[in-house]
1. Considering the range 1-52 alone, what residues qualify as being among the acidic types (D, E) and more than 16 Å from the ligand (Cβ to nearest atom)?
2. Confirm whether L33 is at pLDDT 95 or above, in contact with a Cys (Cβ under 9 Å, 6 or more places away or on another chain), surrounded by 18 or more Cβ atoms within 10 Å (Cβ to Cβ) and over 25 Å from L127 (Cα atoms).
3. Within the range 8-59, work out how many residues are over 21 Å from A165 (Cα atoms) and not in a loop (DSSP other than H, G, I, E, B).
4. Just name the residue that is farthest from E41 (Cα to Cα) out of those in the range 66-77 that are among the charged types (D, E, K, R) and surrounded by fewer than 16 Cβ atoms within 10 Å (Cβ to Cβ).
5. Which of (1) farther than 17 Å from I137 by Cα; (2) assigned to a helix (DSSP H, G or I) does L179 not meet, given it meets every other one?
Amino acid sequence: MLIDTHCHVPDESYEKTPAQLISEASAEGVEKLITIGTNLEDSKIVIKTAEEFESVFAAIGIYPHEEVQRPIDETIQKLRELVDSSNKIVGIGECGFDIATETVNVQTQTQRPLDEQRMLFEKQIELAMEKDLPLIIHNRNGDAEVLNSLKRFANITNTNPTGVAHCFTSTWSFAKQLLDLGFYISFSAIITYPSGKPIWETAQKAPLDKVLVETDAPFLSPQGLRNKVNEPKYVKMTAKTLADIRNISFEELANATYENSCRLFKKMAAQPTKA
Ligand SMILES: [Zn+2]
């Protein structure tokens, strides 16, 4: 049994309906999925999907470059109201940092400057703590920022936020620091790509009780299917690759990631489902 801990269903890239995607996933042993909101509108949509399907749960949050035109406090208040609107919300995010490396650091209308990304992220950490929900962290080129924000928050409040680094693509040294803070590490199909080899060190060394698998569907199809739209059922391929990298059986890996997902997303585990 597997859980796709991070996907975007529904999404306009799909010709299949959510019902089709969910039943095909279930046929491949993907018992539950967590669909992720990236802005206020999108969060409403994923909540609706989670309410409609027993095996679907939702995490809602504001991606670094979403809701740019709205004051951050207002955005967070609206997000808070959405969290209170459904029992099927099991996490806050995806949220975090998205820092362009190219010349793009010139801000456009649709890009949030770094100091505001930091503020938006820290307010979502606060909300996650307030609601006792795990964080789903998006991180592009923001290793130091992510750690600084988490540590700053832990110092001020004397409590530790918990959560997962989604679609992990960074170094073992960064993973180690997140693990020390109590975070989980989630692997996507990037570990199946030839270019994903640098992530294998973390895929090998992260403790088995701290790893999760995800698709990030419709993005990031596994190697061999990269011309296709990714679907939750393909999380199996990532799980197989992760088992191979760790030199353990698929069953052992599947059981461990299933238990880990239930431990982290405890509100999901508290709601028994039949897929
Ligand atoms: Zn995502």
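The values are calculated or read from the model by the stated rules, or taken from the named source; none is laboratory data. Predicted, not measured: the structure shown is a model, and the values here were computed from it. Counting neighbours? That spans all protein chains shown, and the Cβs are built from the backbone with ideal geometry, glycine included.
1. Here is the first cut: in the range 1-52, the residues among the acidic types (D, E) are 4, 11-12, 15, 24, 28, 31, 41-42, 51-52.
Of everything in the range 1-52, those that are among the acidic types (D, E) and more than 16 Å from the ligand (Cβ to nearest atom) turn out to be E15, E24, E28, E31, E51, E52.
2. Working: at pLDDT 95 or above: yes; in contact with a Cys (Cβ under 9 Å, 6 or more places away or on another chain): yes; surrounded by 18 or more Cβ atoms within 10 Å (Cβ to Cβ): yes; over 25 Å from L127 (Cα atoms): no.
So L33 fails the test.
3. The first filter runs over the range 8-59 and keeps only residues over 21 Å from A165 (Cα atoms), leaving 10-29, 31, 40-41, 44-45, 47-55.
Subsequent filtering for residues that are not in a loop (DSSP other than H, G, I, E, B) retains 18-27, 31, 40-41, 44-45, 47-52.
Counting residues in the range 8-59 that are over 21 Å from A165 (Cα atoms) and not in a loop (DSSP other than H, G, I, E, B) gives 21.
4. Taking the range 66-77 first, the residues among the charged types (D, E, K, R) are 66-67, 70, 73-74.
Right, trim to surrounded by fewer than 16 Cβ atoms within 10 Å (Cβ to Cβ) and you get 70, 73-74.
Numbers: R70: 13, D73: 17, E74: 14 Å.
Taking the candidates together, the pick is D73.
5. (1)
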